[in-house]
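Some notes on the structure that comes next.
The values are calculated or read from the model by the stated rules, or taken from the named source; none is laboratory data. Everything quoted here is computed from the prediction, not taken from an experiment. When we count neighbours, we look across all protein chains shown, and the Cβ atoms used for this are built from the backbone with ideal geometry, even at glycine. Each accessible area value is taken on the protein alone, full model and side chains, heavy atoms only, with ligands, DNA and RNA left out. Shrake-Rupley method; radii C 1.70, N 1.55, O 1.52, S 1.80 Å.
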Amino acid sequence: MSGISGQSIIEAVEERKLPIDLLVERGKLSSAAVERGRLAAGGQSQERLEFTLIRLGLLSDQAVAEVFAETSELPRLAVEAIPREAVEHERLNPRFLRSARVLPLIDGEETLGIAVADPFDVFSIQAIRFAVKKPVSVQVAALGEIEAALDRLYGDPENAASAGDGSEDGFSADSERLRDMASEAPVIRLVSRLIEEAVEKSASDIHIEPFENKLKVRFRLDGMLREIEEPPYQLAAAIVSRVKILAKLNIAERRLPQDGRIRIAVKGKEIDFRVSTAPTVHGESVVLRILDRSQLTLDFHALGFDDRTLKIYLDLLALPHGIMLVTGPTGSGKTTTLYASLDHLNVPDRKILTVEDPVEYMLEGVNQVQVHPEIGRGFASTLRSFLRQDPDILMVGEIRDIETARIAVQSALTGHLVLSTVHTNDAAGGITRLLDMGVEDFLLMSTVIGLAGQRLVRCLCPHCREQYQPAPEWRARLGLDADDMLWRAVGCAECGGTGYAGRTALLEVLPVTDRIRVLILEGADAQKIRDAAVAEGMVTMFRDGVAKATSGLTSIEEVFRVAAEA
């Protein structure tokens, strides 16, 4: 839109609904949140109500940008159109750009292209047009996109002097100065924006990693790490310090790993973050694990269980005592499966106790305890004390040593149902893992009732997935029928061009039958136990994956990525 005027913007929204009303109508915002925003502004603020709500974490800046673009009839700025270098113009003051929330995009001979967070701020748009003495072409961008680009391209005039000290590694600033830097507006905004963007994209982790000349930030989306735009390297120490302050960690300690926790409201939702720091050659690496309760799914079918596998699993949970193990590597969804199991078992006439490290989600009606090894509250000691609480069901977050394993066995022998996890690649490996820990085979045989192995795969995007006819050799290799088809990832706007959206589990459930018990006593290896389970009808993770691939839920490439062929 070239040569735009204030009057044309005003006319564009005449007889249209106000942006705030559209946001409420479309479910992006509640009426209660609007009232809270108005109370927070107190009638004194000159800031638009939409921006107040964004600042309070009650509204997404992306939703505001979409509605602003629609009601002003201006185009929405594509993220890839954000310039990589600053657009320099002697008449454009960075301080004014920041206060007006305006980002110069391109300085052409006849037109200046700009992106604005508020297309209805006619004064600012006209002021720029008068300053550069030529028409302006306006696009609408999200507030966070503009602030991030201004910080990256123009820096912060008040923070520039203290951003770096010219030291050899850039991380030798004293703790007081780091605290001051971490408390300044640009750093607070940048960290808040990273967190908000990660939550909006349903990322599971945020990785902040310093290197020699840059600060890399990556989100883990559907199990895969994706780089995002790099923050200014000179703010690396301040960004790490800001996260450590939020997590109540010692910002002066940069030689040892630290762990902490953050709970903050993001877009009106309470989100927990597990924070881990680790010293590296170029500074501290920080990982934030996102624990969004609203994303917790406790429905077995949604987790990936089909009817047959679910029946076997629930039959095992219905047994009055014994040990039920969920196996898989780190990040394979074991804890979520345990929570779904507890939710299924959680009825008023049962007392359920859990010991976890950490407690990731709160379950109503379940007594949950977080281990605290520093004060002697580990898995084993907590389990031992649990037995005096007269529980019906115990859940141990992980069996990681022989002491915990033996108490779990004793609990099962005395009439308790024990749920836990072990880190192995498949269900059969869980048995050999406990034997390797030192659990006696006759105790294992008489207490373990079943094992469920799982791995997570990405789901194909339902908007762009594409069906295809597999080659004959692949049909034979996968054991497909003549009319079975496979699906492949394509990529579209809905899935960000990846071809995938969300994750599901590939599962195998191994009941400990009489035949399996004999093999345990004979000291059989995992492969023999696995073969016996398959002979008795167990569907392996790989076969479960092939079934999900032919149904269009995932791709065969994803199945091969996480599951061994069988």
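List of remarks:
- Checked against (1) part of a strand (DSSP E or B); (2) hydrophobic (A, V, I, L, M, F, W, C); (3) within 25 Å of Arg152 (Cβ to Cβ), Ala265 passes all but condition (3).
- Segment 440-461, residues that are more than 21 Å from Asp544 (Cβ to Cβ), open to solvent by less than 30 Å² (accessible area, probe 1.4 Å) and of a type in the set (Gly, Ala, Ser): none
- Any chance Ala476 is surrounded by 15 or more Cβ atoms within 10 Å (Cβ to Cβ), over 22 Å from Arg433 (Cβ atoms) and among the small types (Gly, Ala, Ser): no
- Hits in segment 323-353 - residues which are open to solvent by 10 Å² or more (accessible area, probe 1.4 Å) and either among the small types (Gly, Ala, Ser) or assigned to a helix (DSSP H, G or I) (or both): Gly331, Gly333, Lys334, Thr335, Thr336, Asp343, His344
- Test result for Pro320, in a loop (DSSP other than H, G, I, E, B), open to solvent by 20 Å² or more (accessible area, probe 1.4 Å) and not charged (D, E, K, R): yes
Here is a yes/no grid of residues against (1) open to solvent by 70 Å² or more (accessible area, probe 1.4 Å); (2) not in a strand (DSSP E or B):
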position: His463; (1), (2): yes, yes
position: Gln467; (1), (2): yes, no
position: Glu494; (1), (2): yes, yes
position: Ala505; (1), (2): no, no
position: Met538; (1), (2): no, yes
position: Thr554; (1), (2): no, yes
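- Of all residue pairs spaced 6 or more apart or on separate chains, those with beta-carbon atoms under 9 Å, a first member in segment 223-251 that is farther than 22 Å from Arg261 by Cα and open to solvent by 60 Å² or more (accessible area, probe 1.4 Å) and a second member that is of a type in the set (Lys, Arg) and assigned to a helix (DSSP H, G or I) are Glu229/Arg152; Glu230/Arg152.
- Count of segment 356-415 residues which are open to solvent by 30 Å² or more (accessible area, probe 1.4 Å), of a type in the set (Asp, Glu) and over 14 Å from Leu434 (Cβ atoms): 5
This table checks each residue for (1) at pLDDT 90 or above; (2) in contact with a helix residue (DSSP H, G or I) (Cβ under 8 Å, 6 or more places away or on another chain); (3) of a type outside the set (Phe, Trp, Tyr).
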residue: Asp151; (1), (2), (3): no, yes, yes
residue: Ala161; (1), (2), (3): no, no, yes
residue: Asp180; (1), (2), (3): no, yes, yes
residue: Arg189; (1), (2), (3): no, yes, yes
residue: Lys216; (1), (2), (3): yes, no, yes
residue: Ala252; (1), (2), (3): no, yes, yes
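- Candidate set from segment 269-283 (those that are polar (S, T, N, Q) and touching a strand residue (DSSP E or B) at 6+ places or on another chain (Cβ under 6 Å)); member that is least open to solvent (accessible area, probe 1.4 Å): Thr277
- Residue count for segment 266-285, restricted to those that are β-branched (Val, Ile, Thr), within 20 Å of Ala198 (Cα to Cα) and touching a residue at least 40 places away in the same chain (Cβ under 8 Å): 2
- Of the numbered criteria (1) closer than 29 Å to Arg226 by Cβ; (2) of a type in the set (Lys, Arg); (3) out of contact with any Ser or Thr (no Cβ under 8 Å at 6 or more places or on another chain), the one Arg475 fails is (1).
- Condition met for Leu353 (aliphatic (A, V, I, L, M) and either modelled with pLDDT of 90 or more or under 33 Å from the mean Cα position of the chain (by Cα) (or both)): yes
- Top-ranked residue of segment 112-154 - restricted to ones that are more than 20 Å from Glu230 (Cα to Cα) and of a type in the set (Lys, Arg), ranked as surrounded by the most Cβ atoms within 10 Å (Cβ to Cβ): Arg129
- Within segment 438-484, the set of residues being within 36 Å of the chain's Cα centre (by Cα) and acidic (Asp, Glu) comprises Glu466, Asp484.
- If you go through segment 520-536 and keep only what is in contact (Cβ under 8 Å) with a residue 24 or more places away in the chain and in a helix (DSSP H, G or I), you end up with Ile520, Leu521, Ala526, Gln527, Ile529, Arg530, Ala533, Val534.
- Screening the candidates Ser411, Ser341 for the property of being over 30 Å from Gln295 (Cα atoms) and not basic (Lys, Arg) yields one hit, Ser411.
- The listed residue being under 25 Å from Asp426 (Cα atoms) and of a type in the set (Gly, Ala, Ser), out of Gly491, Gly496, Gly479: Gly479
- Taking each residue of segment 304-316 that is closer than 9 Å to Val509 by Cβ and looking for partners that are among the basic types (Lys, Arg) and open to solvent by 60 Å² or more (accessible area, probe 1.4 Å) with beta-carbon atoms closer than 9 Å, six or more apart or interchain, yields nothing.
- Verdict on Leu291 being closer than 21 Å to Gly415 by Cα and either of a type outside the set (D, E, K, R) or surrounded by 19 or more Cβ atoms within 10 Å (Cβ to Cβ) (or both): no
- Residues located in segment 386-404, provided they are in a helix (DSSP H, G or I), at pLDDT 85 or above and of a type outside the set (A, V, I, L, M): Glu403, Thr404
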